[in-house]
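Remarks on the structure that follows.
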Amino acid sequence: MSALSQSDIPRCPHCGAFAFLESLACAICASPLGIHVPTLTFVLASPEGTEVDGETWHECANRPAGCNWLVAAADDSPRCFACRLTRRLPDASDALAWERLPETDSAKRRLLVQLMRLGLPITPFWEREGGLGFDLVSSFGGEPVVIGHADGIITIDLAESLDDRREALRVKLGEPYRTMLGHFRHEVGHYYEQVLVTDEPLLGECRALFGDERASYQEAIDRHYAEGAPDGWQDEFISEYATMHPWEDFAETFAHYLHITGTLQTTAATGLVLDAERASGYVADDIVPLADYRDESLERMLSDWRSLSLVFNRINRSMGLRDLYPFVLPEPVVRKLGFVHRLVTEVGRGAPAAPAAL
């Protein structure tokens with residue numbers, strides 16, 4: 001696979017300027033933008049409809065709330081695929097939750113674009129039991145909300161979209177990284193373990209790497225919050241939370257696979273390359289990140305990532321921020337990532353490469 005071509009990079013179709021995945025309008029020429037879902041490319045949006053390859057597409061009914069996806073005129077819904085995947089929303093009286101909903105929805109759409117780009121299957125909850133769906137609800141009003149996954153439905157607490165609340169939990173729980181997108185990526189890891197790891201020999205391989213998921217989850221939770229992570233956990237796990245139960249180890253590993261591939265893809269889209277001659281002593285050869293690693297080995301992907309993530313961490317530190325990627329990848333974690341890479345590449349091979357998610 002090569003780096004992204006100019007045509008692969010999300011751009012305004014009118015003036016050619018870069019466009020962020022969340023853009024409703026071009027920052028340069030102000031043209032209204034919409035995402036054509038089959039190709040994940042930007043097209044010019046219009047309330048009257050936009051024709052793409054002979055088919056008419058309309059703006060999503062949730063565009064006033066920030067959704068820039070388009071809906072095929074033939075669809076029996078005014079809402080786009082991403083919005084229809086939300087099964088449950090906050091109570092109508094919870095004004096703060098509705099105010100915070102667009103930011104969370106944006107993270108959800110970014111997740112979906114990455115899943116589509118990797119070629120992972122997305123079967124919605126209305127098509128089959130156990131299909132993917134989202135409950136975006138709120139604990140603002142006192143209702144207890146547990147972020148999690150159950151039978152395809154991912155529950156997210158909109159209260160965590162408030163920086164101060166999320167940061168307080170990050171510190172309290174000792175997590176070096178906690179974001180709304182991170183929650184989505186972790187919980188969708190549970191979904192894909194349920195969907196993709198169902199038969200031998202994959203099930204046996206998964207248990208050998210992550211542990212036997214048939215162990216009591218409630219006992220694991222009680223033990224984790226009473227005793228914490230075992231000594232030396234850094235030698236075998238990506239995070240403290242991953243030590244709690246094999247399900248959580250898989251989900252944490254899957255989330256990190258999405259962190260890594262998503263960031264590498266965006267890096268490729270920007271054209272950033274580590275020049276070995278200019279970075280003498282830092283890298284021996286040029287580091288040219290790829291848009292797609294499905295035909296590459298995990299070793300190639302992680303080699304690129306290790307070099308680039310160190311650069312990103314230094315950039316963050318120069319701004320007085322925490323490291324962008326404050327994690328290390330010991331060999332047992334690399335083997336787990338290798339299992340996820342194989343799962344993703346085998347199911348996603350043959351899916352068309354889509355533009356980068358800037």
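Considered as a group, the residues in the stretch 110-125 that are in contact (Cβ under 8 Å) with a residue 40 or more places away in the chain and in a helix (DSSP H, G or I) include one that is nearest to Tyr192 (Cα to Cα), and that residue is Leu115.
When the stretch 26-39 is filtered for residues that are within 11 Å of Asn68 (Cα to Cα) and among the aliphatic types (A, V, I, L, M), the ones remaining, listed by number, are Leu33, Ile35, Val37.
Picking from residues in the stretch 245-295 that are at pLDDT 95 or above and among the charged types (D, E, K, R), the one that is farthest from Ala229 (Cα to Cα) is Glu252. Report whether or not Asn62 is touching a Ser or Thr at 6+ places or on another chain (Cβ under 7 Å) and of a type in the set (S, T, N, Q). It is false that Asn62 is touching a Ser or Thr at 6+ places or on another chain (Cβ under 7 Å) and of a type in the set (S, T, N, Q).
Counting only residues that are buried (at least 22 other Cβ atoms within 10 Å of the Cβ) and touching a helix residue (DSSP H, G or I) at 6+ places or on another chain (Cβ under 8 Å), the stretch 181-191 holds 7 of them. Every listed requirement among (1) of a type in the set (A, V, I, L, M); (2) surrounded by 14 or more Cβ atoms within 10 Å (Cβ to Cβ); (3) at pLDDT 95 or above is met by Ala65 save one, (2). Taking the stretch 276-301 as the range and being part of a helix (DSSP H, G or I) and surrounded by 12 or more Cβ atoms within 10 Å (Cβ to Cβ) as the test, the residues that pass are Leu298, Arg300, Met301.
For the stretch 203-227, enumerate the residues that are assigned to a loop (DSSP other than H, G, I, E, B) and under 27 Å from the mean Cα position of the chain (by Cα). Within the stretch 203-227, Gly211, Asp212, Glu213, Arg214 meet the criteria.
When you look at Tyr241, is it of a type outside the set (Asp, Glu) and not assigned by TED's automatic domain parsing to the domain that holds Val333, yes or no? It is false that Tyr241 is of a type outside the set (Asp, Glu) and not assigned by TED's automatic domain parsing to the domain that holds Val333. Restricting attention to the stretch 228-247, the residues that are farther than 19 Å from Pro326 by Cα and not in a loop (DSSP other than H, G, I, E, B) add up to 2. Is the stretch 302-318 home to any residue that is within 21 Å of the chain's Cα centre (by Cα), modelled with pLDDT under 90 and not assigned by TED's automatic domain parsing to the domain that holds Val43? No, the stretch 302-318 contains no residue that is within 21 Å of the chain's Cα centre (by Cα), modelled with pLDDT under 90 and not assigned by TED's automatic domain parsing to the domain that holds Val43.
Is it the case that the stretch 216-238 has a residue that's buried (at least 17 other Cβ atoms within 10 Å of the Cβ), closer than 23 Å to Arg342 by Cα and either out of contact with any Gly (no Cβ under 8 Å at 6 or more places or on another chain) or not assigned by TED's automatic domain parsing to the domain that holds Arg335 (or both)? Yes, some residue in the stretch 216-238 is buried (at least 17 other Cβ atoms within 10 Å of the Cβ), closer than 23 Å to Arg342 by Cα and either out of contact with any Gly (no Cβ under 8 Å at 6 or more places or on another chain) or not assigned by TED's automatic domain parsing to the domain that holds Arg335 (or both). The condition of being of a type in the set (A, V, I, L, M, F, W, C) and more than 30 Å from Val347 (Cβ to Cβ) holds for only one of Ala215, Ala229, that being Ala229. Per the listing Ala97, Ala92, Ala107, the residue uniquely more than 28 Å from Tyr293 (Cα to Cα), assigned by TED's automatic domain parsing to the domain that holds Phe125 and outside any loop (DSSP other than H, G, I, E, B) is Ala97.
Just to be sure before I move on: is Glu331 out of contact with any Cys (no Cβ under 7 Å at 6 or more places or on another chain), surrounded by fewer than 16 Cβ atoms within 10 Å (Cβ to Cβ), modelled with pLDDT of 95 or more and under 21 Å from Leu118 (Cβ atoms) in the structure I sent? Taking the combined requirement at face value, the residue does not satisfy it. Screening the stretch 110-145 for residues that are aliphatic (A, V, I, L, M) and farther than 27 Å from Arg342 by Cβ and picking the one that is modelled with the lowest pLDDT gives Val145. Taken over the stretch 302-328, the residue count meeting the criterion of being buried (at least 18 other Cβ atoms within 10 Å of the Cβ) and among the hydrophobic types (A, V, I, L, M, F, W, C) is 4. Give the residues of the stretch 95-121 that are crowded, with 20+ Cβ neighbours inside 10 Å and acidic (Asp, Glu), sorted by residue number. Passing the criteria: only Asp105. Regarding Thr56, is this residue under 22 Å from the mean Cα position of the chain (by Cα), not hydrophobic (A, V, I, L, M, F, W, C) and not assigned by TED's automatic domain parsing to the domain that holds Ser139? Judged against the criteria, Thr56 is not a match. Only one of these conditions is not met by Ala74: (1) in the same structural domain as Ser138 (by TED's automatic domain parsing); (2) of a type outside the set (Lys, Arg); (3) assigned to a loop (DSSP other than H, G, I, E, B). Which number is it? Ala74 satisfies all of (1) in the same structural domain as Ser138 (by TED's automatic domain parsing); (2) of a type outside the set (Lys, Arg); (3) assigned to a loop (DSSP other than H, G, I, E, B) except (1).
The values are calculated or read from the model by the stated rules, or taken from the named source; none is laboratory data. Note that the structure is predicted; figures quoted are calculated from it, not measured. Backbone-built Cβ (ideal geometry, glycine too); neighbour counts: all protein chains shown.
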